[in-house]
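Input: a single structure, listed below in structure tokens.
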Amino acid sequence: TWPFLVGATVALAEPGRQGDAAYIEQLIPAAGVTTMHFVPSMLGAFLENAERDEKSPLRRVICSGEALTSVHVRSFADRFPGAALFNLYGPTEAAIDVTCFDCAEVEPEASVPIGRPITRTTLYILDTEGNPVATGVPGELHIAGASLARGYLGDPRRTAEAFVPNPFARPGDDAMSLEMYRTGDLARWRDDGEIEYLGRIDHQMKINGIRIEPGEIEAALRENQDVSEALVLSRAEEAGAVRLTAYVIRNDRATEVSSEALEDLRSALLDRLPPVMVPSRFVFLSELPLLANGKIDRECLPAPTAEAQRPFEAPRNETETLVAEIWSEVLGLSEISVHDDFMMLGGHSLNATRVNARLRKRLELELPLTAHFRYLTVESLADHVDALRAALGLSADDAEARDANHIELEF
């Protein structure tokens with residue numbers, strides 16, 4: 001209804017061409033388009049080929065429907081310096097948009113918040129017990145206010161599940177504030193009072209009994225300067241193991257990266273997240289598959305492929321032999337090469353804990369758990385252990401001779 005309220009003209013794309021980025025770029029000046037709405041995935045595709053246009057009639061672009069990234073924001077500002085970009089959020093059950101954020105305020109490399117509630121709307125972020133969460137703590141987003149629907153037509157059961165009494169309503173509040181809608185979306189308050197969207201609760205997953213929020217992992221990936229977009233899923237593999245897989249779109253659209261680049265990405269995640277939240281599989285794509293409505297088509301994401309195996313090479317020294325033996329015990333494998341990758345062999349945070357305990361007992365050397373995710377091969381972990389022992393002036397004979405006391409390292 002906005003165009004009719006302000007006396008604007010609606011420019012419709014030709015049927016079937018609403019997803020054609022080149023056509024849309026031509027339509028903007030041809031029709032004098034001043035305001036547009038994009039799903040972020042489609043905005044990314046549009047910006048990828050758009051030329052910088054300082055004379056474009058475009059004055060504002062509104063995004064909603066998916067997470068908007070800082071890469072989108074920077075790319076938009078570069079190509080349309082005369083236009084403003086706004087990130088909105090809202091479900092259909094609340095007459096679409098209930099928050100707004102002016103992207104001119106976003107910091108470089110930071111995640112893009114969904115903003116603050118609009119007029120006559122109240123937002124709550126609650127834990128599983130229905131209590132408000134502290135700043136920075138994820139919880140389910142709830143909506144109350146004038147834009148809320150009354151329920152689902154002809155579906156009282158679903159209505160009762162989603163539209164619940166508002167325990168925070170105060171005497172004197174209007175009738176529209178007496179109920180609130182459970183969005184099923186995960187969010188958290190930022191220190192500045194803005195809200196950060198983290199993803200769907202029904203996309204939550206459990207790995208080794210630990211609840212994982214994929215939105216937090218995706219946000220950490222997007223903060224990497226080489227990453228423009230990311231999506232994290234859990235995938236069941238052989239023997240029933242469930243692994244986290246990260247689908248990553250690099251700025252250069254490369255689908256193959258060096259082992260050094262991959263290790264840098266893993267290390268950056270370990271600086272932000274606990275080891276259990278670091279994906280064991282990374283798939284690099286030139287673009288994410290999209291549905292007709294511009295949202296990501298999760299069903300079309302390719303399964304991770306097996307990495308090319310280097311020729312088997314047996315342990316070459318005492319430390320490599322020890323690491324290989326411990327991996328063999330913990331992972332139940334009879335033969336370990338010095339080039340084998342711990343996570344590709346089925347390693348995870350619980351296995352890493354067991355490896356750590358055995359190394360501590362055999363070498364009386366305390367490693368942080370993150371070391372097992374930074375040094376993923378027998379060769380690299382053994383080199384790291386040897387370097388630490390050398391720095392402390394230890395030898396294999398020392399480890400056998402000393403008593404049960406062990407050295408704790410903090411780094």
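Every read-out reported here was derived from the displayed coordinates using simple, explicitly stated rules and does not represent laboratory data. Here the structure is a predicted model, which is why all the values come from computation and not from measurement. Cβ atoms come from the backbone with ideal geometry, glycine included; neighbour counts cover every protein chain shown.
General remarks:
- Positions within region 350-365 being part of a helix (DSSP H, G or I) and either hydrophobic (A, V, I, L, M, F, W, C) or within 13 Å of residue 382 (Cβ to Cβ) (or both), in sequence order: 350, 352, 355, 357, 359, 362, 363
- Lone unmet requirement of (1) of a type in the set (A, V, I, L, M, F, W, C); (2) part of a strand (DSSP E or B); (3) exposed (fewer than 15 other Cβ atoms within 10 Å of the Cβ) for residue 144: (3)
- Of the candidates 183, 159, 128, the single residue that is part of a loop (DSSP other than H, G, I, E, B) and under 22 Å from residue 202 (Cβ atoms) is 128.
- Summed over region 93-125, residues that are in a strand (DSSP E or B), surrounded by 20 or more Cβ atoms within 10 Å (Cβ to Cβ) and under 22 Å from the mean Cα position of the chain (by Cα) total 4.
- Hey, residue 370 touching a residue at least 60 places away in the same chain (Cβ under 8 Å), more than 26 Å from residue 235 (Cβ to Cβ) and among the hydroxyl-bearing types (Ser, Thr, Tyr) or not: no
- Pair list, Cβ under 9 Å, 6 or more apart: region 184-197 residue touching a residue at least 40 places away in the same chain (Cβ under 8 Å), other residue in a strand (DSSP E or B) and surrounded by fewer than 16 Cβ atoms within 10 Å (Cβ to Cβ): 184/200; 185/200; 186/200; 193/116; 194/116; 195/116
- Condition met for residue 134 (in contact (Cβ under 8 Å) with a residue 60 or more places away in the chain and either more than 12 Å from residue 180 (Cβ to Cβ) or part of a loop (DSSP other than H, G, I, E, B) (or both)): no
- Among the residues of region 313-346, those identified as in contact with a strand residue (DSSP E or B) (Cβ under 9 Å, 6 or more places away or on another chain), free of Cβ contacts under 8 Å to residues at least 60 places away in the same chain and either farther than 26 Å from residue 265 by Cβ or of a type outside the set (A, V, I, L, M, F, W, C) (or both) are 337, 339, 340, 341.
- Selection over region 171-193 of residues that are under 24 Å from residue 128 (Cβ atoms) and over 28 Å from the mean Cα position of the chain (by Cα) gives a count of 3.
- Pair list, Cβ under 9 Å, 6 or more apart: region 77-92 residue polar (S, T, N, Q), other residue exposed (fewer than 15 other Cβ atoms within 10 Å of the Cβ): 87/102
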